Every structure is written in C-alpha cells, then in structure tokens.
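K.L.:
This is the structure I have questions about; it appears just below.
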Amino acid sequence: MYLTGSPDQLLVKILVTGPFGVGKTTLIRSLSEIRPLHTEEVMTEAGALVDDLAGVRDKTTTTVAIDFGRRTLPGDIVLYLYGTPGQRRFLPLWEDIARGALGALVLADTRRLAESFGAIDLIEEAGLSYAVAVNAFPDAPAYTPEVLRDHLDLAPETPLVVCDVRDPGSAVDALITLASHLIAESSLEATL
C-alpha cells in the first residue's frame, strides 16, 4: 500500500510484535540482510516503575519506537520487517506501525504466556493474519504445541511454531511459517 519497488519486486510489510522483552529486536537482527535499524534505549529507574521485569530481570534496554529490517525471498519478494515496542504505553505508535502490514509474527515467551494476550488482541482487532512464534529461552519451560495453543487460546488455523530468535535458521523458519500462512490465506480468498 505504501511501499514501492521495481516492477519485478513484490514488497511486503510484516509486523513483528509481542510483549515487552520477548525477543522482537533480536529476531529482526537475526533475519535482516541489511544492518537493522533499532531504537533501543537504556532502561531507566522511571521505566522500572511501569515495565514488569518479571522473567526478564537482566533486560537493560528497550525499544522506544521501532525496529526495522529487510529480508529478500526467492522470486524477488522483499519483506520489510517492522518491530513494535512491547509496552502498552506505546499503543498509538504501534497502531501507526501496523498500518499497511500484510500480516504479523507474534512472539511469545513460555515464562510469561499471559503477556502475549495483549499483542494477540491488538493483531486481531487490526484484522491482520498472524502466526505465533514461541521464543525458546534457555530457562523457559517447554510445552507441547497442543498445550501452548490451548493456553494462548489460538484458533486451529493459527500457525504456531517454537523457535530460538537468536538463531538465524530458526528465525527464518518462523518467518516461513507466517509467509506460508499468508500465501494459503490469499489463495483461499482468491478461490472464493
């Protein structure tokens, strides 16, 4: 909608979202073929009063505006990856970033699954198709996909994948899950 490229390229805006401290910045860093743009700042004592650090005690920085990366897929499909801040106080900015996105990859953390509900609600209210990628932190409990799907209250057609956002291959698998879902949905819509 807002992106232009050469006639041979398909430019696609993808939202990377989720709660505070779930790994959005790291995922974009792992996926981007260009040097990613990050607006991370050191967390202050004032932020500690409003940001729940449960499960992310060692976190020292936070995204205050946007993360941006780019990934080119075969067939000249260019994905522009827009990472959102995870805190509720950035909701107006989140809405601006989400405008024009084709779909979203929602990150979740098994140490704080309930924190993902806000991001999923925002995505559903925006009418975006999405997939959920559970970031496998080393100290996080592991659950079966069925248990995760149940706890996140996901519809049966919503893709769910477990990944390690630090690993580029694993991050690519999460992105492929979302892209496959978006392609399947657009193919289904074309037949209706």
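K.L.:
Leaving ligands and nucleic acids out of the surface, order Ser116, Ser186 by accessible area at 1.4 Å, largest first.
P.N.:
Solvent-accessible surface, decreasing: Ser186, Ser116.
K.L.:
Measuring from centroid to centroid over Cα atoms, what is the spacing of the stretch 100-148 and the stretch 22-36 in Å?
P.N.:
When both Cα centres are located, 17 Å separates them.
K.L.:
I would also like to ask the following. Given N residues in the stretch 126-192, what is its alpha carbon radius of gyration divided by 2.2 N^0.38 Å?
P.N.:
That ratio works out to 1.23.
K.L.:
Let me cross-check Tyr80: its accessible surface, 1.4 Å probe, with only protein heavy atoms counted, in Å² to the nearest 10?
P.N.:
For Tyr80, solvent-accessible area is about 40 Å².
K.L.:
Debye sum, Cα scatterers, the stretch 98-167, no solvent: what log₁₀ I/I(0) at q = 0.15, 0.19, 0.25 1/Å?
P.N.:
With no solvent term, the Cα-only Debye profile gives -0.46, -0.73, -1.20.
K.L.:
Another question about this same structure. Convert each backbone phi in the stretch 11-17 into a coupling constant with the Karplus relation 6.51 cos²θ - 1.76 cosθ + 1.60 (shift: θ = phi - 60°), then list the ³J(HN,Hα) values in order as whole Hz, x for Gly and Pro.
P.N.:
9, 10, 8, 10, 8, 10, 9
The values are calculated or read from the model by the stated rules, or taken from the named source; none is laboratory data. Not measured: the values here are computed from a predicted model. Note: accessible area is taken over every heavy atom of the protein model, side chains too, but ligands, DNA and RNA are not part of it. Shrake-Rupley method; radii C 1.70, N 1.55, O 1.52, S 1.80 Å.
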